[in-house]
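The values are calculated or read from the model by the stated rules, or taken from the named source; none is laboratory data. Bear in mind that the values here come from a model prediction, so they are computed numbers and not experimental data. FYI the Cβ positions are ideal-geometry reconstructions off the backbone, even for glycines, and counts take in every protein chain you see. Surface areas here come from the heavy atoms of the whole protein model, side chains and all, with no ligands, DNA or RNA. Shrake-Rupley method; radii C 1.70, N 1.55, O 1.52, S 1.80 Å.
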Amino acid sequence: MNKNLCQQVPFCQKRRSVRLIQYVDTGSLSPSRLRIRRIKVGNTVLAAVVFELQCRWLSTIARALGEDRTRKELIPFLSENNDDDDEVLLAMAEELGVFIPYVGGIEHAPVLLPPLETLCTVEETCVRDKAVESLCRIGSQMRESDLVDSFVPLVKRLAAGEWFTARVSACGLFHIAYPSASEALKTELRSVFNQLCQDDMPMVRRAAATNLGKFAATVEPSHLKTDIMEIFQDLTKDDQDSVRLLAVEGCAALGKLLQPQDCVAHILPVIVNFSQDKSWRVRYMVANQLYELCEAVGPEPTKSELVPAYVRLLGDNEAEVRIAAAGKVTKFSRILTPQLAIQHILPCVKELSSDSSQHVRSALASVIMGMAPVLGKDATIEQLLPIFLSLLKDEFPDVRLNIISKLDQVNQVIGIDLLSQSLLPAIVELAEDRHWRVRLAIIEYIPLLASQLGVAFFDDKLGSLCMQWLQDKVYSIRDAAANNLKRLAEEFGPDWSMQHIVPQVLEMINNPHYLYRMTVVRAISLLAPVMGSEITCSKLLPPLITLSKDRVPNIKFNVAKVLQLLIPIVDHSVVEKSIRPCLVELAEDPDVDVRFFANQALQSLMSS
């Protein structure tokens, strides 16, 4: 057996000596990531390897001790010792969530609650959250009798905790405890949760607001309309905006549980009020969640009540709110009729397209193209195209980029003819944009545009641009341009490529700058598989042989790599006559990298 996999670590005590076998793969970890931790359990001193980064030591000890000793010795020890590093406590909280098999199964699950209850009270938030998560996992597997006898009292103790951390943790456990409780206990739990929602500490009220939806999903419909809705109404009127904004999320969660008429009566007024809240954070949350809220209240109330609220959010004083609202323009328009969208939403969109905040315009540009299918062809041509053109000329590059990347959505609605007439001049202008990411987006869109425009239109309008990009100052543009040529060759065929691409690429072979000559090598490597054996041998291979004698080593070893790629494409006679002699010559080059790639290609040639 691997010595690292099964280590025996003896530790002696005055009255007793034990030997703990650790099933830990310590060979894969450096000494700096391990430390030996001595743990006294009962009369036994255990040596446990503690992973500073992974901290997976509890299961190792439990397997060594067995189920009975784990329940009687290890778990009580963990309950009493919670003053370790936060990383270790976090790992402990996570491990205990899957510890049921180590204590003897579901019937013994309650023994795991005390150490997790202790962890629910620590100051570190991530430890508490993980402890609550593990308690929920264990509680969902426990027997009903154990839930009533052990889990519910735990929730009540935490909820009555003197320190706010315990009360915060308690809020996340009610949805596990409630379903199995008796009627009297259920009444008590609803009352306790209500008290937590009115706690003096905002952190507790925030936790209660966050978990209200989960708790409400377990409550009976009769109490949902009364007790839960009263709690919800209190949260919506909280003086802390951090609590109210979490109540916005509760609107959508409760809306799915209520009948449509109850949703309109209880949820809709809250949403409308929140859309005018004095805190921009609450309004931001409404703008972010409004689409989901519309689904909760239904189409008719949306048209009468929520459209005006959404229009207000689109014109909000705070840019953050407008950003969130602008990002939902297309989604919101889909739940309206085209007439309503044109009447109410489109005027706001026009204003946002010239918003003072570049981030608002960018958010709008990322979704506005999706409005074209909603509004239809005529409205898109008359109303949206001018906005598209305006955004395509925006001074902020991200705005232009977002428009370019979604042009296909408009093309599906208005057709390529109208698109080319209206937007192509702007696209041609952007092809020379000073921001390289914008140029890159244009290049990636070119093959799609070419396939839709056809050969004649492409040659007339865009062909020269494709060759121009090969000599761009930015490598990513040159590389994308070479890939673009390959895709165009696949679209229009070898004959077209021989006439419009290959001659212009080969003209660059004498460019004084070696980076542009490198682009020629890259283009040839991409075009050769598309062009076929005959054209590769007659037109593409001779320039490569010429470049193999270039004065720049980078050119030569890239030629060696491309020659290796050409071996399966061309005839064997061409390999022996042209490729092999060239590689042999490169294999004797003074530069070590050239020799390496040349020899690599020769080895490939010998094995083929």
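So which residues in the range 167-184 are within 17 Å of Pro221 (Cα to Cα), in a helix (DSSP H, G or I) and either of a type in the set (D, E, K, R) or open to solvent by less than 30 Å² (accessible area, probe 1.4 Å) (or both), if there are any at all?
Answer for the range 167-184, where residues must be within 17 Å of Pro221 (Cα to Cα), in a helix (DSSP H, G or I) and either of a type in the set (D, E, K, R) or open to solvent by less than 30 Å² (accessible area, probe 1.4 Å) (or both): Phe174, Glu183.
Give Ile342, Ile335 a once-over and let me know the one that is open to solvent by 40 Å² or more (accessible area, probe 1.4 Å), under 27 Å from the mean Cα position of the chain (by Cα) and either of a type in the set (A, V, I, L, M) or on the phi > 0 side of the Ramachandran plot (or both).
Ile335
Which condition does Arg190 not pass, out of (1) exposed (fewer than 14 other Cβ atoms within 10 Å of the Cβ); (2) modelled with pLDDT of 90 or more, if it passes all the others?
(1)
Would you mind stating whether Ala177 is small (Gly, Ala, Ser) and touching a residue at least 24 places away in the same chain (Cβ under 8 Å)? Reasoning before the result, please.
Working: small (Gly, Ala, Ser): yes; touching a residue at least 24 places away in the same chain (Cβ under 8 Å): yes.
Judged against the criteria, Ala177 is a match.
For the range 143-155, name all the residues that are surrounded by fewer than 16 Cβ atoms within 10 Å (Cβ to Cβ) and part of a helix (DSSP H, G or I).
Within the range 143-155, Glu144, Ser145, Asp149, Pro153 meet the criteria.
Go through the range 303-331 and give me each residue that's open to solvent by 30 Å² or more (accessible area, probe 1.4 Å) and part of a loop (DSSP other than H, G, I, E, B).
Answer for the range 303-331, where residues must be open to solvent by 30 Å² or more (accessible area, probe 1.4 Å) and part of a loop (DSSP other than H, G, I, E, B): Gly315, Asn317, Glu318, Gly327, Lys328.
Against the conditions (1) within 32 Å of the chain's Cα centre (by Cα); (2) closer than 20 Å to Glu249 by Cα; (3) not aromatic (Phe, Trp, Tyr), where does Ile176 fall short? Just the number, please.
Here Ile176 clears every test but (2).
In the list Gln499, Gln504, which residue meets the criterion of being part of a helix (DSSP H, G or I) and without any contact (Cβ under 8 Å) to a residue 24 or more places away in the chain? Can you show your working first?
Details: Gln504 fails: without any contact (Cβ under 8 Å) to a residue 24 or more places away in the chain.
Only one candidate qualifies: Gln499.
Would you mind stating whether Arg206 is touching a Leu at 6+ places or on another chain (Cβ under 9 Å), open to solvent by 50 Å² or more (accessible area, probe 1.4 Å) and assigned to a helix (DSSP H, G or I)?
Values: touching a Leu at 6+ places or on another chain (Cβ under 9 Å): yes; open to solvent by 50 Å² or more (accessible area, probe 1.4 Å): yes; assigned to a helix (DSSP H, G or I): yes.
Spelling it out, Arg206 is indeed touching a Leu at 6+ places or on another chain (Cβ under 9 Å), open to solvent by 50 Å² or more (accessible area, probe 1.4 Å) and assigned to a helix (DSSP H, G or I).
Each row is one residue, and each column tells you yes or no for (1) over 26 Å from Glu123 (Cβ atoms); (2) of a type outside the set (Phe, Trp, Tyr); (3) open to solvent by 50 Å² or more (accessible area, probe 1.4 Å); (4) modelled with pLDDT under 50.
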position: Cys55; (1), (2), (3), (4): no, yes, no, yes
position: Thr60; (1), (2), (3), (4): yes, yes, no, no
position: Ala64; (1), (2), (3), (4): yes, yes, no, no
position: Thr70; (1), (2), (3), (4): yes, yes, no, no
position: Leu78; (1), (2), (3), (4): no, yes, no, no
position: Asn81; (1), (2), (3), (4): no, yes, yes, no
position: Asp85; (1), (2), (3), (4): no, yes, yes, no
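Condition check ((1) under 23 Å from Glu491 (Cα atoms); (2) at pLDDT below 75) across all residues:
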| residue | (1), (2) |
| --- | --- |
| Gly415 | yes, yes |
| Ser420 | yes, yes |
| Ile427 | yes, yes |
| Ala431 | yes, no |
| Arg434 | no, no |
| Val438 | no, no |
| Glu444 | yes, no |
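Show the residue pairs that are 6+ apart or on different chains and have beta-carbon atoms under 8 Å apart, the first residue being within the range 358-379 and modelled with pLDDT of 85 or more and of a type in the set (S, T, N, Q), the second being open to solvent by less than 30 Å² (accessible area, probe 1.4 Å) and part of a helix (DSSP H, G or I).
If the second residue must be open to solvent by less than 30 Å² (accessible area, probe 1.4 Å) and part of a helix (DSSP H, G or I), the pairs left are Gln358/Val399; Ser362/Val399.
Output the residue which, of all residues in the range 96-142 that are without any contact (Cβ under 8 Å) to a residue 24 or more places away in the chain and closer than 14 Å to Leu58 by Cβ, is most open to solvent (accessible area, probe 1.4 Å).
Looking at the filtered set, the residue picked out is Pro101.
So Asp472 passes all but one of these: (1) open to solvent by less than 40 Å² (accessible area, probe 1.4 Å); (2) modelled with pLDDT under 85; (3) acidic (Asp, Glu). Which condition number does it fail?
(2)
Go through the range 156-166 and count every residue that is open to solvent by 40 Å² or more (accessible area, probe 1.4 Å) and either assigned to a loop (DSSP other than H, G, I, E, B) or under 21 Å from His223 (Cα atoms) (or both).
The total comes to 4.
Is it the case that Asp277 is open to solvent by less than 50 Å² (accessible area, probe 1.4 Å), under 19 Å from Arg244 (Cα atoms) and not in a helix (DSSP H, G or I)? Steps first, please.
Working: open to solvent by less than 50 Å² (accessible area, probe 1.4 Å): yes; under 19 Å from Arg244 (Cα atoms): yes; not in a helix (DSSP H, G or I): yes.
Against the criterion (open to solvent by less than 50 Å² (accessible area, probe 1.4 Å), under 19 Å from Arg244 (Cα atoms) and not in a helix (DSSP H, G or I)), Asp277 qualifies.
Scanning for something small (Gly, Ala, Ser) and outside any helix (DSSP H, G or I), does the range 338-353 turn up at least one residue? Please lay out each step first, then the result.
Residues of the range 338-353 that are small (Gly, Ala, Ser), as a first pass: 341, 353.
Narrowing the set further to residues that are outside any helix (DSSP H, G or I) leaves 353.
Looking for residues that are small (Gly, Ala, Ser) and outside any helix (DSSP H, G or I), one finds at least one in the range 338-353, hence yes.
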